[in-house]
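Notes follow the structure.
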Amino acid sequence: MENHKIYNLRKKMLPVLRTKVHELNKVGISGVSMDEIWKFLIDAKWKNMKEISLSEMANDILTLNVEIKET
């Protein structure tokens, strides 16, 4: 996806990103930011996609699983 398109989509997804960060905080995961979630999905999931709908993006954000590995 093109950079300006990504920026515009990110603006639309801010409420969803905030919701995901809030959800993570509620389960004790406080070190993850909206920017980190966005960058991860851009690099890992949406990298080669030509187009994606807002509902698909919202679903990907909200269903993202974060695993904590204990040392």
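The values are calculated or read from the model by the stated rules, or taken from the named source; none is laboratory data. Bear in mind the structure is a predicted one, so any value in this text is a computation, not a measurement. Please note: Cβ atoms are built from the backbone with ideal geometry, for glycine as well, and neighbour counts cover all protein chains shown. SASA here: full protein model, heavy atoms, side chains in, ligands and nucleic acids out. Shrake-Rupley method; radii C 1.70, N 1.55, O 1.52, S 1.80 Å.
Consider MET13 carefully, then state whether it is out of contact with any Ser or Thr (no Cβ under 8 Å at 6 or more places or on another chain) and at pLDDT 95 or above. Even if it seems obvious, please write down each step before you answer.
Values: out of contact with any Ser or Thr (no Cβ under 8 Å at 6 or more places or on another chain): yes; at pLDDT 95 or above: yes.
The answer is yes for MET13.
Taking region 56-67 as the search range and keeping residues that are in a loop (DSSP other than H, G, I, E, B) and in contact with a Leu (Cβ under 9 Å, 6 or more places away or on another chain), which one is surrounded by the most Cβ atoms within 10 Å (Cβ to Cβ)? Can you show your working first?
To start, the set of residues in region 56-67 that are in a loop (DSSP other than H, G, I, E, B) comprises 63-67.
Next, from what is left, pick out any that are in contact with a Leu (Cβ under 9 Å, 6 or more places away or on another chain): 64, 66.
On the way: LEU64: 16, VAL66: 14.
Here the residue is LEU64.
Every residue in region 47-60 that is touching a residue at least 24 places away in the same chain (Cβ under 8 Å) and under 14 Å from LYS12 (Cβ atoms), please. Talk me through it step by step, then tell me what you get.
Filtering region 47-60 down to residues touching a residue at least 24 places away in the same chain (Cβ under 8 Å) leaves 49-52, 54, 57-58.
Residues satisfying the conditions are ILE52, LEU54, MET57, ALA58.
Give the residues of region 1-55 that are touching a helix residue (DSSP H, G or I) at 6+ places or on another chain (Cβ under 7 Å), open to solvent by 100 Å² or more (accessible area, probe 1.4 Å), within 16 Å of VAL66 (Cα to Cα) and in a helix (DSSP H, G or I), sorted by residue number.
Passing the criteria: only ARG18.
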